[in-house]
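The values are calculated or read from the model by the stated rules, or taken from the named source; none is laboratory data. In this text the structure is predicted, and so the values were computed from the model without any measurement. Positions of Cβ are backbone-derived with ideal geometry, glycine not excepted, and every protein chain shown enters the neighbour counts.
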Amino acid sequence: MQAIYSYAGATQTRRTPALPVRVGGFGGVQGLVDYLSAHHITHVIDATHPFAAQMSANAIAACARLNLPLLSMERPAWQARPGDQWQHVPDMAAAAKILSPMLKRVFLAIGRKQLAAFVGLADEHQFVLRVIDQEGGALPLPASSYELIVARGPFQLADELALLGKYRIDCIVSKNAGGADTYAKIEAARQLGIAVIMVDRPVLEPRTQCQSPQQAMEWLDRQRC
Ligand SMILES: NC(=O)c1ccc[n+]([C@@H]2O[C@H](COP(=O)([O-])OP(=O)(O)OC[C@H]3O[C@@H](n4cnc5c(N)ncnc54)[C@H](OP(=O)(O)O)[C@@H]3O)[C@@H](O)[C@H]2O)c1
């Protein structure tokens with residue numbers, strides 16, 4: 001069996017998988033159809049982040065056109081536990097809308113891409129942002145409205161507790177990414193009684209799904225029978 005791993009190229013630093021890698025967008029659905037055809041791809045596993053909705057939709061459309069089997073590998077969403085103070089919202093615009101003026105110091109643990117939703121709040125809130133790369137272009141928020149942390153997970157509970165204390169955070173905005181790497185901030189918020197605005201996952205067309213690489217390998221094995 002041969003496989004190739006595709007990265008969007010959105011970040012400078014990458015975890016290198018033990019597979020050949022290609023980097024960069026395909027050019028929409030048609031570009032992906034062309035790529036899959038040209039490289040004689042027989043199976044597609046969508047292992048993108050649960051919030052990479054465009055790429056997932058493109059994979060669904062391209063595989064449907066070529067009649068290729070597609071598997072989505074998605075870690076389970078986090079579930080609220082006793083002590084969590086979550087408010088669920090469907091997207092980043094809704095998160096910005098319900099951010100109370102009372103909660104002044106906000107940890108936007110959402111990466112770079114959707115910061116624009118919070119521009120209108122920059123006068124009355126102070127933000128702490130955490131991004132993977134220092135490089136990546138200008139941020140849409142006024143420089144006086146945020147402090148920037150550059151770090152890549154996994155993050156540990158003790159460090160997240162220290163961060164929330166150091167910046168006197170009183171609210172976190174988080175995507176429901178699932179998985180262990182970025183969960184410590186949610187646990188830290190629970191321990192400190194800090195509110196979390198939890199952005200729920202985008203809803204996609206139904207697909208064959210699994211939750212782990214092990215299950216993805218089993219799916220591939222079954223396809224060979
Ligand atoms: N969104 C998040 O919160 C998040 C968090 C951590 C990691 N990531 C990862 O970062 C990448 C970009 O995320 P996003 O939210 O910007 O995605 P997105 O909105 O779904 O995709 C935007 C465009 O980026 C290109 N792209 C995305 N993933 C790609 C891949 N694996 N290989 C080749 N091209 C890809 C595609 O361009 P073309 O249309 O030109 O093909 C796609 O249309 C994804 O691979 C995702 O898994 C995202």
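Going by the structure shown, is Ser56 more than 8 Å from the ligand (Cβ to nearest atom), hydroxyl-bearing (Ser, Thr, Tyr) and touching a residue at least 40 places away in the same chain (Cβ under 8 Å)? No: the conditions fail for Ser56. Arg22 meets the conditions (1) part of a loop (DSSP other than H, G, I, E, B); (2) surrounded by 12 or more Cβ atoms within 10 Å (Cβ to Cβ); (3) of a type in the set (D, E, K, R) in every case but one. The failed one is (1).
Could you list all residues from the range 6-40 that are touching a residue at least 24 places away in the same chain (Cβ under 8 Å), away from the ligand (no atom under 11 Å from the Cβ) and under 22 Å from the mean Cα position of the chain (by Cα)? Within the range 6-40, Gln12, Thr13 qualify. Please work out which residue is nearest to the chain's Cα centre (by Cα), limiting yourself to the range 59-73 and to residues that are more than 14 Å from the ligand (Cβ to nearest atom) and not in a helix (DSSP H, G or I). If we take residues in the range 59-73 being more than 14 Å from the ligand (Cβ to nearest atom) and not in a helix (DSSP H, G or I), then Leu71 is nearest to the chain's Cα centre (by Cα). Taking Gly31, is it surrounded by fewer than 13 Cβ atoms within 10 Å (Cβ to Cβ) and of a type outside the set (A, V, I, L, M, F, W, C)? No. Of all residues in the range 41-51, exactly one satisfies the criterion of being within 11 Å of the ligand (Cβ to nearest atom), more than 25 Å from Gly137 (Cβ to Cβ) and part of a loop (DSSP other than H, G, I, E, B), namely Ala47. For the range 1-19, filtered to residues that are in a loop (DSSP other than H, G, I, E, B) and in contact with a Pro (Cβ under 9 Å, 6 or more places away or on another chain), the residue that is surrounded by the fewest Cβ atoms within 10 Å (Cβ to Cβ) is Gln2. Would a scan of the range 74-84 turn up a residue that is basic (Lys, Arg), surrounded by fewer than 14 Cβ atoms within 10 Å (Cβ to Cβ), part of a loop (DSSP other than H, G, I, E, B) and touching a residue at least 24 places away in the same chain (Cβ under 8 Å)? Yes: the range 74-84 contains one or more residues that are basic (Lys, Arg), surrounded by fewer than 14 Cβ atoms within 10 Å (Cβ to Cβ), part of a loop (DSSP other than H, G, I, E, B) and touching a residue at least 24 places away in the same chain (Cβ under 8 Å). Any idea which residue in the range 89-140 is modelled with the lowest pLDDT, counting only those that are in contact with a Pro (Cβ under 6 Å, 6 or more places away or on another chain) and surrounded by fewer than 16 Cβ atoms within 10 Å (Cβ to Cβ)? It comes out as Glu124.
The C-beta contact set for the range 198-212 (first residue of a type in the set (S, T, N, Q), second residue exposed (fewer than 13 other Cβ atoms within 10 Å of the Cβ) and modelled with pLDDT of 95 or more, distance under 8 angstrom, 6+ apart or interchain) comprises Gln211/Pro76. The set of residues in the range 84-140 that are of a type in the set (Val, Ile, Thr) and more than 29 Å from Gln12 (Cβ to Cβ) comprises Val89, Ile98.
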